[in-house]
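Here is the structure we will look at.
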Amino acid sequence: MFAVRVYPEGTHFIIPWFERPTIYDVRARPHLVESTSGSCDLQMVKISLWVLTRHVPDQLPTVYRTLGTNYNERVLPSIIHETLKVVVAQFNASQLITQRERILL
């Protein structure tokens, strides 16, 4: 089927019409996620969260086969929103403001 290899940085030779590279940026990238969720006292809270993500180079073939090239747009928002809702639901609205540095995801 396909020869699945992850090549490091540098110059590599490919066979035209038979091989086509899929190039991923493996540096850490920031993503801004905005979410509205309910606190434990049932007040709606709008939160903006910066998340740093990066690809693990050894797992790129599996990610490409199962999720495609737009992994960040398909998977990350749902995971981040669900995690954010679980964490926000543990605090009331005033605790979210006053104890901001103690809230860990």
ask   = Here are some conditions: (1) exposed (fewer than 15 other Cβ atoms within 10 Å of the Cβ); (2) touching a Ser or Thr at 6+ places or on another chain (Cβ under 6 Å). Residue 82 meets all but one. Which one does it not meet?
value = (2)
task = Output the residues belonging to segment 1-29 that are closer than 30 Å to residue 87 by Cα, free of Cβ contacts under 8 Å to residues at least 40 places away in the same chain and open to solvent by 80 Å² or more (accessible area, probe 1.4 Å).
result = 27
ask   = What helices (runs of 4 or more DSSP H) completely inside segment 1-100 contain at least 3 residues that are touching a Phe, Trp or Tyr at 6+ places or on another chain (Cβ under 7 Å) and at pLDDT below 85?
value = none
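The values are calculated or read from the model by the stated rules, or taken from the named source; none is laboratory data. Please read all numbers here as calculations on a predicted model, not as lab measurements. Note that each Cβ is placed from the backbone with ideal geometry, even for glycine, and that neighbours are counted across all protein chains shown. Quick note on the areas: whole protein, heavy atoms, side chains included, nothing else; ligands and nucleic acids left out. Shrake-Rupley method; radii C 1.70, N 1.55, O 1.52, S 1.80 Å.
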